[in-house]
1. Expressed in nm², what is the orientationally averaged projection area of the convex hull enclosing the Cα positions of region 73-173?
2. Counting pairs of alpha carbon atoms under 8 Å apart in space and at least six apart in sequence, what relative contact order in percent does region 57-213 give?
3. Put +1 on the Cβ of each Lys and Arg and -1 on the Cβ of each Asp and Glu in the chain; which of ALA283, LEU47, ASN235 then has its Cα farthest toward the positive end of the dipole?
4. Going by how many other Cβ atoms sit within 10 Å of their own, how do LEU300, LEU312 line up, fewest first?
5. Helix 271-288 sits at what angle to the longest principal axis of the chain, using alpha carbons and giving 0 to 90 degrees rounded to 10?
6. Tell me, how many Å apart are the Cα centres for region 58-122 and for region 129-166?
7. Tell me whether region 251-294 comes out rounded, prolate or oblate; compute the Cα gyration tensor, take square roots of the eigenvalues as a ≥ b ≥ c, and use a/c under 1.5 as the rounded threshold.
8. Let me make sure I get this right: for region 296-354, a, b and c are the square roots of the gyration tensor eigenvalues over alpha carbons, sorted descending. Under 1.5 in a/c it's rounded, otherwise prolate if a/b > b/c, else oblate. Which is it?
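Each value in this text was obtained by applying a stated rule to the coordinates, not by laboratory testing. None of the values given here were measured: they were computed from a predicted structure. No Cβ is skipped: glycine too gets one built from the backbone with ideal geometry, and neighbour counts run over all protein chains shown.
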Amino acid sequence: MKPLTLLLCLVWLATSVVARGADTSAEVLKAAKNAASVHQFDEALRLCERVIVEHPETPMRCYEAQMTIVTTLAAKGQLAEAAKAAHLAMDCAPTEAAFDNAVTLAANILSALDHNVGRANQLLAFQETGPVNGAINPLEAVGYPAMPERELAFDAVRQQAGDNVVGSRLRAYTFLLSGKPREAFAQFADAFHRSANLRDMQSAATDMASIGLRAVQGQRLDQKTALQFLAFGPNNTDEKSNTEDKREDPFADILPAPPAVGEGGLAALSATDLAALRHLRDAAKLYAGDPWVEIRIRRLAIIALQRANEALDDWGSAGQKDWYLQLALTSNTGYETESSLIGAQAAAKGRDLHLGGIAALWNEIDTYCAAHGIEPTPLMINIRKQFINTTTVLSTLQSRPPQVKYLQKPAAF
């Protein structure tokens with residue numbers, strides 16, 4: 001087989017994304033709300049469940065469906081189940097405003113269930129202060145609904161979701177929609193591990209801080225601290241490793257150790273898949289690093305290589321950063337330089353749940369260029385600016401303080 005044909009086949013083999021059916025979730029959700037409005041409660045619940053099971057890749061629609069489940073159960077008088085469903089709605093809320101709306105609904109459900117505002121206001125106070133001065137989240141005792149059919153459907157989705165950033169995020173949402181926030185957070189972290197380009201790193205970091213961590217903790221007060229850590233790591237913003245006031249890792253007590261580097265992360269790849277991906281990686285690396293190979297094949301090779309790195313979850317493996325960096329500093333084309341710097345940044349990030357290693361990489365590039373009398377190219381300067389912009393965006397994202405309005409009397413449904 002010719003090298004070009006081989007690489008095209010290997011790129012195709014390395015691509016693994018679940019194929020979803022046509023997205024009819026908007027129409028089904030509308031039908032569910034209409035059914036609820038005319039007191040066809042069982043039909044409304046069935047249609048909401050269909051939205052969630054068939055399209056977990058649509059976070060906002062799934063959230064709206066889950067909120068409709070809450071209000072429908074409450075209207076049926078099943079307030080205990082509605083409280084559990086509200087707990088789930090808080091976890092899967094894709095935005096800050098959606099989370100706050102879910103909190104308000106959960107508080108109202110608790111007050112209606114208890115015929116008093118005690119637990120409801122306890123939940124609201126927890127949103128305002130977090131776990132200080134003995135404050136607790138009463139929904140921890142409430143728990144989550146039993147969802148055997150949803151879980152069965154999501155098991156199949158997870159197996160087919162793929163071995164890329166999109167697949168990890170999809171698995172995360174299936175866990176959020178199953179009442180398993182810690183498993184969801186691990187999948188968001190898996191997406192961050194796999195991320196190579198800065199756009200994916202920023203998106204995965206935001207998911208970790210604003211959705212994953214919030215679901216585990218039951219409140220959103222720690223988002224800024226988490227984003228600061230994701231942007232800079234344990235050191236201060238000047239990245240001097242000898243500073244005394246280190247940032248604490250906000251994820252240390254939440255996440256177990258990830259799978260070993262190069263074992264496919266949390267995608268549960270088979271031994272056959274792993275062997276094929278390693279073959280792809282090694283072959284692509286050989287072509288990408290050979291200056292005697294024509295440029296169009298080297299371009300395909302570096303695409304295949306980085307896809308294999310993502311699928312294997314092997315960013316940060318031994319020697320990887322230096323290999324990409326050497327290729328970037330000696331390449332003769334803009335494409336090779338850009339792709340190699342992307343790979344070098346991903347390798348420098350490696351297994352860390354922050355971007356501090358990339359800052360260290362750019363300091364290393366400065367040192368190399370100064371020692372060899374090399375002027376950074378406009379492309380290198382631009383990629384560095386993109387990195388700085390990413391850390392700036394992450395570290396300056398503002399979260400609106402929770403707008404808590406304590407209940408004066410129980411709600412009625």
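1. On the way: hull surface 31.6 nm².
Average of the hull's projected areas for region 73-173 equals 7.9 nm².
2. Values: 190 pairs, mean separation 30.5, N = 157.
Dividing the mean separation by the residue count of region 57-213 yields 19 percent.
3. LEU47
4. Numbers: LEU300 21, LEU312 25.
Lowest count first: LEU300, LEU312.
5. Once rounded, one gets 40 degrees.
6. Answer, in whole Å: 14.
7. oblate
8. Numbers: a/c = 2.27, a/b = 1.46, b/c = 1.56.
Oblate, since a/c reaches 1.5 and b/c is not below a/b.
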